[in-house]
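Data first, discussion second: the structure below is written as structure tokens.
What follows is calculated from the coordinates using simple rules that are stated; it is not laboratory data. None of the values given here were measured: they were computed from a predicted structure. Heads up, the Cβs are rebuilt from the backbone with ideal geometry, glycines too, and the neighbour counts pull from every protein chain shown.
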Amino acid sequence: MFFYPRTRIQFLTRARRTKQTGASLLEVLIAILIMSFGITGIALLMSTTIQHNKTSQYQMVAWHIATQLAESMRANTDGFWADAYLKTDSYSASRQTASERDCAVASACTSIEIANKDMVKTANNLLLSLPGGDFNVQRNGNRADIWIMWMEPTTAASLSFGSANCRAPAISGITPPPRCFYWRAAL
């Protein structure tokens, strides 16, 4: 029987195989570190997505309430021209719900009384739908400028959307400033 001498390559290959039988502790730690960065990034992405989703929901509610108020103004143009829909006071996150007053004559409300009912209904809808919900209305000729304001939850403070659409006199001195939605309606 004839044996071939081992070549140097066969010897080195076998030597490498016998020395490395598994992953070293350092390789495992590096893999865990890389995976933890990835998982942390995914968690931050998910939390930001949830915050943006909530902010989008609040904007949709604000749009809905602003358009309802604008339609109420269009239905009661006499109240609009009598400035019964104006609300220019400062923002307050601590407002309470108000009760609607009955009309002086039960069978026929005046346009001012209808406007007051619309304003109370809007204020109550905002308090129930948005955290710290409030609003402002100004008349500019035949247009109504409507600002819907609310406070973002503390989890969304890092988004720092600011108060770019807010009416400056309504939010002066308020920290943190409320989030605003602006709507202009022509009558």
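Only Cα sites of the range 28-186 enter the Debye sum here, all with the same form factor; the resulting log10 I(q)/I(0) across q = 0.10, 0.11 1/Å is -0.45, -0.52, listed in q order.
Across the alpha-carbon set of the range 40-124, the Rg to Rh ratio works out to 1.19, Rh being the Kirkwood radius.
Cα centroids of the range 25-44 and the range 49-120: 52 Å apart. Here the range 54-81 is scanned for amide nitrogen atoms under 16 Å from the site 7 Å beyond the Cα of Leu128 along Cα-to-Cβ, giving 61-62, 64-66, 68-69. For Lys121, a cut-off of 20 angstrom between C-alpha atoms picks up these aspartates and glutamates, skipping any fewer than 8 places away in its own chain: Glu71, Asp78, Asp83, Asp89, Glu100, Asp102, Glu113, Asp134, Asp145.
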